[in-house]
Amino acid sequence: MSPINAGLSRLSFSTQNDGEIQPVDDPGLTKRKKNKRVKSTKSGKSVAVCSGPCKTESAVPPEHGRAVKDIRLQSRPVAPSRVKFPHLSEMPRYTTKLIDIGVNLLGYGTSAFPDFTSVVDQAADSGVSDIVIIGSTIPVSKQAQILVDSWPNSGPEEITGAAAAPARCSLHFMAGCHPCRASDFAPDGGRQALRDVIMAARQQPCIAIGECGLDYKDLSSAADVQREVFREHLELAVELQKPLFLHERGAHTDFVDLLSPYIPRLPSAESACIHCFTGNWEQLQTYLDLGCSIGITGWIAGSRKSSLIAALRTAGWERLRDRLMIESDAPALLPKYIMPKKAESQDEKNVPANLPYVCCALAWILGVDGEEVAKATTDNARRIFLQQTQ
Ligand SMILES: [Zn+2]
């Protein structure tokens with residue numbers, strides 16, 4: 001493992017040897033090689049192109065070539081986006097129990113795991129002590145609330161399903177409506193319906209509002225409807241002083257504009273969790289500056305190269321330690337490139353039992369010990385989401 005975390009802000013990197021990371025003591029080297037370059041377009045304009053992960057383009061008139069140079073000097077070097085994961089022969093094991101802060105255990109309106117008790121049991125075998133069920137719609141949130149209230153760890157009530165003994169893995173729930181299902185959220189009664197689900201909890205409280213947010217890459221619910229429903233969730237989080245489990249895809253600017261004014265009114269800034277963060281360094285920096293926490297899924301090991309990998313390395317472990325949590329987002333987002341026997345597993349449905357792979361991939365990318373990542377992410381999840389249950 002390359003010792004890349006220490007002094008990351010001072011160092012830049014070279015990516016020779018197929019992604020092997022070598023700290024370079026000359027920040028200017030990476031700037032000169034990797035940042036802005038200029039290309040000409042048919043219109044005759046020169047365009048400053050960032051060859052880093054953000055892929056942003058800004059039009060620069062040809063006569064202002066000097067301005068491009070100034071931008072280059074001001075921009076921070078972005079760390080390598082490529083990773084060569086270790087070859088694991090078996091699942092990593094950690095002394096610290098892991099908390100999966102986001103599982104679509106009850107699906108997105110249809111059942112994702114018909115035999116979910118065995119899925120939970122398998123997660124416990126992998127060292128996952130707690131699973132938070134995502135509320136993708138109001139009916140799913142209601143199902144999750146009922147399940148969690150009757151789950152062994154939740155209280156003395158009779159246990160449903162196959163789990164007759166005290167569970168080795170606790171279940172928790174959140175309540176919300178995914179932006180892609182925003183059109184199912186009644187504008188005149190949705191917030192009250194959501195409030196009813198949350199207030200119906202008896203043995204275990206609803207630990208967050210979500211998932212909610214904006215998804216402009218799937219406009220099965222129109223963008224203006226998504227924004228309206230997102231506002232309803234934000235208002236409810238402030239009213240009930242609940243953390244937020246937030247989804248953003250292809251809508252960063254609108255999302256930040258809507259969320260920012262609510263941050264000071266939440267229980268804490270970190271209680272706004274950007275779930276399944278897959279963005280670039282600029283976006284990560286915006287969220288960190290707002291004080292948000294960040295959920296990391298198997299997406300980081302869903303490819304060997306991504307702007308997310310570069311963003312996390314650029315931020316560095318010291319800055320991220322108190323902000324990161326891990327989630328499977330199962331059944332999606334199998335962390336396939338760090339799993340053994342990936343050929344067989346590529347088409348498999350993801351399960352919470354794969355969470356140790358997410359922890360391992362995160363540690364590998366950041367160049368820190370896996371146990372340290374396990375402990376920090378568990379501490380963060382307990383502090384931000386689960387302290388309401390204690
Ligand atoms: Zn999501």
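The values are calculated or read from the model by the stated rules, or taken from the named source; none is laboratory data. Here the structure is a predicted model, which means the values were calculated and not measured. Ideal geometry is used to build each Cβ from the backbone, glycine not excepted, and the neighbour counts take in all protein chains shown. What goes into the accessible areas is simple: the full protein's heavy atoms, side chains included, and nothing from ligands, DNA or RNA. Shrake-Rupley method; radii C 1.70, N 1.55, O 1.52, S 1.80 Å.
Structure data summary
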| read-out | value |
| --- | --- |
| Any hit, segment 193-201, residues being out of contact with any Lys or Arg (no Cβ under 9 Å at 6 or more places or on another chain), part of a strand (DSSP E or B) and modelled with pLDDT under 95 | no |
| Among the residues listed as L266, L284, L290, the single one being within 18 Å of A363 (Cβ to Cβ), more than 16 Å from the ligand (Cβ to nearest atom), assigned by TED's automatic domain parsing to the domain that holds V132 and not basic (K, R) | L284 |
| Residue that is most open to solvent (accessible area, probe 1.4 Å) [pool: residues in segment 231-245 that are away from the ligand (no atom under 13 Å from the Cβ) and outside any helix (DSSP H, G or I)] | Q241 |
| The listed residue being touching a Gly at 6+ places or on another chain (Cβ under 6 Å), surrounded by fewer than 24 Cβ atoms within 10 Å (Cβ to Cβ) and not β-branched (V, I, T), out of A353, A363 | A363 |
| Enumeration of residues in segment 262-282 that are without any contact (Cβ under 8 Å) to a residue 60 or more places away in the chain and either within 11 Å of the chain's Cα centre (by Cα) or in a helix (DSSP H, G or I) (or both) | Y262, I263, P264, R265, A269, I274, F277, T278, G279 |
| Residue tally, condition away from the ligand (no atom under 14 Å from the Cβ) and open to solvent by less than 20 Å² (accessible area, probe 1.4 Å), over segment 214-225 | 0 |
| Matching option when the condition is within 16 Å of the ligand (Cβ to nearest atom), out of contact with any Asp or Glu (no Cβ under 6 Å at 6 or more places or on another chain) and among the charged types (D, E, K, R), among E248, E228 | E248 |
| Contacts under 7 angstrom Cβ, first residue in segment 309-329 being open to solvent by less than 10 Å² (accessible area, probe 1.4 Å), partner among the acidic types (D, E), 6 or more apart | E327/D100; S328/D100 |
| Checklist (1) more than 16 Å from the ligand (Cβ to nearest atom); (2) among the acidic types (D, E); (3) out of contact with any helix residue (DSSP H, G or I) (no Cβ under 6 Å at 6 or more places or on another chain) applied to E211, failing item | (1) |
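Every residue, every condition in (1) out of contact with any helix residue (DSSP H, G or I) (no Cβ under 6 Å at 6 or more places or on another chain); (2) within 16 Å of the ligand (Cβ to nearest atom); (3) not assigned by TED's automatic domain parsing to the domain that holds N354, yes or no:
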site	(1), (2), (3)
H87	yes, no, yes
V103	no, yes, no
V120	yes, no, no
S126	no, no, no
I133	no, yes, no
K142	no, no, no
